[in-house]
Amino acid sequence: MKNITASVVFMLAFFHATGQEVKVDVGYKYLYSNQWDKAIQTYNFSRPDLIEKQPLLMHGLNTSISYIFKSTKNLKQGLNLSYSYFRSLAENENSINLINLHFINMGYVLHYENSEKLKGLYTDFMLSVTSSGVFRRLNEAPFIYDETHSKAFGIGGEINVKCGYYFKLKNKAYLSPYVMCGYTPYLFSPYSEAVINQTKGLASKNWTSIVTGQVGLAFHLK
């Protein structure tokens, strides 16, 4: 943990010294996946004895770091790295079923702000490669499916639009609340249904589209 903290501090110091802006975001993230919803709904339907139904993968957390390159123009370029986490937990007698969903995104950012006409406002357009991992634990142990630990990885692309408003703290530090929406038209994840429902091709396709919404706070060094 100390090494990770030191690495983050070093990266912030480096970006602050060499770049136009570095941003660190933390926020709540909502997710809608039509195919994963179908798999979970089929899981619940095929197990009518469950008292607590398996929740959909909807509510999660996101954190990200962005680096905006130096430029005198209103439209600047940058890079973004983000991580998102979602989970679905159902506790029944003799059964605690937990589904963990992770995303890692790496992408390109177009950052727009016009301090003369729209002071404080900014917009980010992001195009990212997104990777996912779905994991399942049953009674606090990794679930075994086909004699291996149950897991499913995915790959796709995501488009995001973020809007925020700066509040100056002191020196070159700023804080901004933001809203963001995203769309993944195609995420290839052929084994997700096997992890969720122990079936393949019965309830869902081997890919899914995803819609996300997010609200949070960003810390900026400009």
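The values are calculated or read from the model by the stated rules, or taken from the named source; none is laboratory data. No experiment lies behind these values; they were computed from the predicted model shown. Cβ: placed from backbone, ideal geometry, glycine included. Neighbour counts: every protein chain shown. All accessible areas refer to the heavy atoms of the entire protein, side chains included, with ligands and DNA or RNA removed. Shrake-Rupley method; radii C 1.70, N 1.55, O 1.52, S 1.80 Å.
Residues that are of a type outside the set (Phe, Trp, Tyr), over 21 Å from ILE99 (Cβ atoms), open to solvent by 40 Å² or more (accessible area, probe 1.4 Å) and part of a strand (DSSP E or B) within region 109-155 comprise LEU110, LEU121, LEU127, VAL129, listed in sequence order. Taking only pairs six or more apart or across chains, which ones have beta-carbon atoms under 7 Å, a first residue in region 184-211 that is in a loop (DSSP other than H, G, I, E, B), and a second residue that is open to solvent by 60 Å² or more (accessible area, probe 1.4 Å) and hydroxyl-bearing (Ser, Thr, Tyr)? Note: pairs meeting the criteria are GLN198/TYR145. Selection of region 207-222 for residues being at pLDDT 90 or above, surrounded by 15 or more Cβ atoms within 10 Å (Cβ to Cβ) and either in contact with a Cys (Cβ under 8 Å, 6 or more places away or on another chain) or not aliphatic (A, V, I, L, M) (or both) yields TRP207, THR208, SER209, THR212, GLN214, GLY216, PHE219, HIS220. Scanning region 65-87 for residues that are of a type in the set (D, E, K, R) and either assigned to a loop (DSSP other than H, G, I, E, B) or open to solvent by 90 Å² or more (accessible area, probe 1.4 Å) (or both) turns up LYS70, LYS73, ARG87. In this structure, GLU158 does not qualify as among the acidic types (Asp, Glu) and surrounded by 22 or more Cβ atoms within 10 Å (Cβ to Cβ). Please go through region 23-64 and give me each residue that is surrounded by 19 or more Cβ atoms within 10 Å (Cβ to Cβ), assigned to a strand (DSSP E or B) and out of contact with any Ser or Thr (no Cβ under 7 Å at 6 or more places or on another chain), ordered by number. GLY27 - this is the single residue of region 23-64 that is surrounded by 19 or more Cβ atoms within 10 Å (Cβ to Cβ), assigned to a strand (DSSP E or B) and out of contact with any Ser or Thr (no Cβ under 7 Å at 6 or more places or on another chain).
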